[in-house]
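> Pasting a structure below so you can have a look.
The values are calculated or read from the model by the stated rules, or taken from the named source; none is laboratory data. Keep in mind that this is a model prediction, so the values were computed, not measured. Positions of Cβ are generated from backbone atoms using ideal geometry, with glycine treated the same way; all protein chains shown enter the neighbour counts.
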Amino acid sequence: MQKQKNFQLAVIGVLAFAVLFMSVGFAAYSQVLNINGTTTVAANKWSVHFDTATFQRGEGSKVEANKTVSDTSVEYTVTLDKPKDYFLFSIDVVNDGTFDATLNKITMTALTPEQSKYLQYTLTYDGEPYTASADSLSIGLPHATGSNRKNVTVKVTYVQPENAADLPQEAVTVNLAAALDYSQDE
């Protein structure tokens with residue numbers, strides 16, 4: 001019995017020594033690699049807006065009764081008294097941010113068939129005229145370069161209808177709107 005006990009103690013001792021030897025051997029073959037760094041994120045800004053100083057009424061245009069121009073909107077009230085009268089203004093859109101921008105769409109008020117007989121509404125963006133909403137555009141507006149601005153011109157014209165009976169019989173107020181939808185380039 002004592003022999004068997006001594007044998008068991010010897011086996012336990014050999015196993016303990018093997019485990020200890022393997023852990024030391026494993027430790028001898030391990031290595032920790034470290035990566036350390038510092039990252040600074042620079043300040044950036046999104047700044048696509050109207051340059052209010054560039055607002056200009058077109059030559060021969062009717063004078064607006066009211067006008068409010070801000071970085072993000074132009075509002076006006078004008079009366080066109082007779083056919084051939086028009087209201088025309090231009091203003092620049094500027095990208096002073098740190099990201100390139102893209103004009104994705106222009107949404108414009110649609111004239112009713114009746115209104116279109118005596119009224120024309122045109123928005124010209126960088127020389128390209130639009131008389132209706134335009135989706136799926138992809139017109140770049142780079143940031144802070146010599147080409148970081150585009151001109152927008154709006155013209156509302158009282159036109160002479162083909163048939164005099166199509167002239168409005170009383171004053172008609174038409175609310176016209178246009179929205180320029182920009183996003184950051186990826």
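> With the requirement that a residue be assigned to a loop (DSSP other than H, G, I, E, B), surrounded by fewer than 16 Cβ atoms within 10 Å (Cβ to Cβ) and in contact with a Ser or Thr (Cβ under 6 Å, 6 or more places away or on another chain), what does the stretch 91-115 give you?
D96
> Assuming V69 fulfils every condition listed in (1) within 20 Å of D181 (Cα to Cα); (2) exposed (fewer than 10 other Cβ atoms within 10 Å of the Cβ); (3) at pLDDT 95 or above apart from one, which condition is it?
All conditions pass for V69, except number (2).
> Then there's this: Would you be able to say whether some residue in the stretch 32-47 is under 30 Å from V156 (Cα atoms), among the hydroxyl-bearing types (S, T, Y), modelled with pLDDT of 90 or more and in a strand (DSSP E or B)?
No, the stretch 32-47 contains no residue that is under 30 Å from V156 (Cα atoms), among the hydroxyl-bearing types (S, T, Y), modelled with pLDDT of 90 or more and in a strand (DSSP E or B).
Residues checked against (1) at pLDDT 95 or above; (2) in contact with a helix residue (DSSP H, G or I) (Cβ under 6 Å, 6 or more places away or on another chain); (3) under 26 Å from T145 (Cβ atoms):
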| residue | (1), (2), (3) |
| --- | --- |
| T77 | yes, no, no |
| D81 | yes, no, no |
| K84 | yes, no, no |
| I91 | yes, no, yes |
| T102 | yes, no, yes |
| M108 | yes, no, no |
| E114 | no, no, no |
| L119 | yes, no, no |
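> Give the stretch 132-166 a look and list any residue that's free of Cβ contacts under 8 Å to residues at least 60 places away in the same chain and hydrophobic (A, V, I, L, M, F, W, C), or say none.
Passing the criteria: A132, A134, L137, I139, A144, A164, A165.
> Using the structure shown, decide if T124 is touching a strand residue (DSSP E or B) at 6+ places or on another chain (Cβ under 8 Å) and within 16 Å of N175 (Cα to Cα).
For T124, the condition - touching a strand residue (DSSP E or B) at 6+ places or on another chain (Cβ under 8 Å) and within 16 Å of N175 (Cα to Cα) - is not met.
> Here's another thing I want to ask about it. Do you know which residues across the stretch 73-108 are among the small types (G, A, S) and in contact (Cβ under 8 Å) with a residue 60 or more places away in the chain?
Listed by number, the residues that qualify are S90, A101.
> I'd like the full set of residues that are of a type in the set (G, A, S), over 12 Å from A101 (Cα atoms) and either in a loop (DSSP other than H, G, I, E, B) or touching a Gly at 6+ places or on another chain (Cβ under 7 Å) (or both), limited to the stretch 131-146.
Scanning the stretch 131-146 gives A132, S133, S136, G146.
> Quick check, is A165 over 25 Å from G60 (Cβ atoms), outside any strand (DSSP E or B) and touching a strand residue (DSSP E or B) at 6+ places or on another chain (Cβ under 8 Å)?
no
> Where the second residue is buried (at least 16 other Cβ atoms within 10 Å of the Cβ) and of a type in the set (G, A, S) and the first is touching a residue at least 24 places away in the same chain (Cβ under 8 Å) and lies in the stretch 109-131, which pairs have Cβ atoms under 7 Å and are six or more apart or on separate chains?
L123/A178
> So how many residues does the stretch 131-160 have that are surrounded by 16 or more Cβ atoms within 10 Å (Cβ to Cβ), under 16 Å from K84 (Cα atoms) and not hydrophobic (A, V, I, L, M, F, W, C)?
Going through the stretch 131-160 one residue at a time, the tally reaches 3.
> Taking S61 as meeting all but one of (1) modelled with pLDDT of 95 or more; (2) under 29 Å from the mean Cα position of the chain (by Cα); (3) surrounded by 12 or more Cβ atoms within 10 Å (Cβ to Cβ), write down the number of the exception.
Evaluating S61 over (1) modelled with pLDDT of 95 or more; (2) under 29 Å from the mean Cα position of the chain (by Cα); (3) surrounded by 12 or more Cβ atoms within 10 Å (Cβ to Cβ) leaves (2) as the failure.
> With the requirement that a residue be hydrophobic (A, V, I, L, M, F, W, C) and within 38 Å of the chain's Cα centre (by Cα), what does the stretch 149-178 give you?
V152, V154, V156, V159, A171, V172, V174, L176, A177, A178
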